[in-house]
Amino acid sequence: MAVDAVIIGLGYVGLPLAQEATRAGMRVLGFDIHQGVVDDLNAGRSHVDDLADDDIAQMREGGFEATTDEARIAEASTAVICVPTPLSADGGPDLRAVESAVAAVARNLRPGMLVVLESTTYPGTTDEVVRPALEAGGLVAGRDFHLAFSPERIDPGNTSFGAKNTPKVVGGHTPACSDAAAAFYGTFVDTVVRTKGTREAETAKLLENTYRHINIALVNEMTRFCHQLGIDLWDVIDAASSKPFGFQAFYPGPGVGGHCIPIDPNYLSHNVRARLGYPFRFVELAQEINAGMPSYVVSRAQDILNTEGKALNGSSVLLLGVTYKPNIADQRESPAVPLARQLAAKGAQVLFHDPHVQEWHAVPEAERVQDAADAAAQADLTILVQNHRGYDVDALADASRTFFDTRGAATGGEKVVRL
């Protein structure tokens, strides 16, 4: 039986995409190089936060299957690449996973196929990296097969917007390529937005994340001088938010995490430096500010303990929430990691609690506690790092000796110190 689409990379991006395509009646094949992931999915088990086992079971009933057999890519009329693009050692994008996925598609490319890259990367990747690799076998993009870029916009844990109702940006190598990509996504996505070409689609994704990166850096820098001036920044943001136009609220925190904010804007700044020879100053300054927030939290923790006649060295510090965003188990680039490591380096006994994390492999020296309230009552300092829905923040603050709120979640009290 012919396959409508093969989704290459079955993680936080690829799996929700496969789900929506399957729901729309498409026959979808999932390809991944990890046998364990494939086995779990074929057995109806999910490995991402946004999809439950029941969702995978429904996908299987709809004809979805996963495979590690590269040759099966040739069965599909559309191939969508959804593999990770972390940072390389020099600060640019590490395209090894993309190159590997493209090579797999190239070995199984056939006339008429649509190939779409969704992995976030620098402008020009689709045309300069993907297209030559696909054309090496003799087929020509725009003539023999269609090629497009469509940036992923998956927001793990977001219950309001998912793959179906989040507008899908597409940019093709040619207008006909854009038509093919728009027709494919239009089958299961409510709104499709076309750009002039692949570079515009690639840059749109980076602009979205750079916008957030810079505005988060703005409030993170403001929190430092507002603290020194005795100004409640959280109250300031609430007041500014009352303006019905021209303002969008961003909030300070212990750092930024996930793939998008701390990683993606660097693709653009690296590309600007490499090609044009000058810095993208906003991005580089934002990176410096946001990356420095864990150190700032450690410094504030020291000051808080000092006011109580205690040294950080030898004190017990409880971290509440160690994932990069609330209500999910995803720990990618979580600021809790450098925060915990710096606390431990200064001699603190680091404890942690997170309802979504049973073992914190990134910080093995941190001890997990079973009961957050009991641990808060015993710890010298409790720091709210991630405000999970399951936390009764005010009750935890009341139970603690001192509660350092880096998320502005506590309503107040004499034990609460805000970032």
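The values are calculated or read from the model by the stated rules, or taken from the named source; none is laboratory data. Since this is a predicted model, take the numbers as computed values, not measurements. Neighbour counts are summed over all protein chains in view; Cβ atoms, including those assigned to glycine, are modelled from backbone coordinates with ideal geometry. These accessible areas exclude ligands, DNA and RNA; they are computed on the full protein's heavy atoms, side chains included. Shrake-Rupley method; radii C 1.70, N 1.55, O 1.52, S 1.80 Å.
Name the single residue that is farthest from ASN158 (Cα to Cα) among those in the range 1-45 being among the β-branched types (Val, Ile, Thr) and outside any strand (DSSP E or B).
The qualifying residue farthest from ASN158 (Cα to Cα) is ILE33.
Name the one entry in GLY162, GLY171 that is open to solvent by 10 Å² or more (accessible area, probe 1.4 Å) and under 22 Å from PRO16 (Cα atoms). Quick ask: steps written out before the conclusion?
Numbers: GLY171 fails: open to solvent by 10 Å² or more (accessible area, probe 1.4 Å).
Exactly one residue qualifies, and that residue is GLY162.
Being open to solvent by less than 10 Å² (accessible area, probe 1.4 Å) and more than 20 Å from the chain's Cα centre (by Cα) narrows it down to one of ALA181, ALA106, so name that one.
ALA181
Could you please find all residues in the range 239-287 being within 25 Å of TYR12 (Cβ to Cβ) and of a type in the set (Phe, Trp, Tyr)?
PHE250, TYR251, TYR267
Sort out which residues of the range 15-45 are farther than 16 Å from GLY63 by Cα and within 20 Å of the chain's Cα centre (by Cα), and write them in order of number.
Answer for the range 15-45, where residues must be farther than 16 Å from GLY63 by Cα and within 20 Å of the chain's Cα centre (by Cα): ASP32, VAL37.
How many residues, within the range 330-375, are more than 27 Å from ASP49 (Cα to Cα) and open to solvent by less than 60 Å² (accessible area, probe 1.4 Å)?
Going through the range 330-375 one residue at a time, the tally reaches 5.
Give TYR324, TYR278 a once-over and let me know the one that is over 19 Å from ASP380 (Cα atoms), open to solvent by 10 Å² or more (accessible area, probe 1.4 Å), without any contact (Cβ under 8 Å) to a residue 60 or more places away in the chain and out of contact with any His (no Cβ under 8 Å at 6 or more places or on another chain).
On inspection, the qualifying residue turns out to be TYR278.
Filter the helices (runs of 4 or more DSSP H) completely within the range 305-417 down to those with at least 2 residues that are on the phi < 0 side of the Ramachandran plot and within 22 Å of the chain's Cα centre (by Cα). Step through it out loud before you land on a result.
On the way: elements: 336-345, 372-378, 393-399.
Correct list: 336-345.
Which numbered condition in (1) over 26 Å from ASN220 (Cα atoms); (2) open to solvent by less than 10 Å² (accessible area, probe 1.4 Å) is the only one that ALA301 fails?
Exception for ALA301: condition (1).
Restricting the search to the range 385-419, which residues are among the hydroxyl-bearing types (Ser, Thr, Tyr) and crowded, with 19+ Cβ neighbours inside 10 Å?
Those that are among the hydroxyl-bearing types (Ser, Thr, Tyr) and crowded, with 19+ Cβ neighbours inside 10 Å: TYR391, SER400, THR402, THR406.
Take the residues in the range 79-92 that are in contact (Cβ under 8 Å) with a residue 12 or more places away in the chain and surrounded by fewer than 23 Cβ atoms within 10 Å (Cβ to Cβ), then tell me which one is farthest from ALA181 (Cα to Cα).
Per the stated criteria, the residue is ASP90.
Every residue in the range 184-202 that is open to solvent by 70 Å² or more (accessible area, probe 1.4 Å) and within 25 Å of the chain's Cα centre (by Cα), please.
Selection gives ASP190, ARG194, ARG199, GLU200.
Considering (1) open to solvent by 50 Å² or more (accessible area, probe 1.4 Å); (2) in contact with a Cys (Cβ under 8 Å, 6 or more places away or on another chain), say which one SER119 fails and leave the rest.
That leaves (1) as the condition not met.
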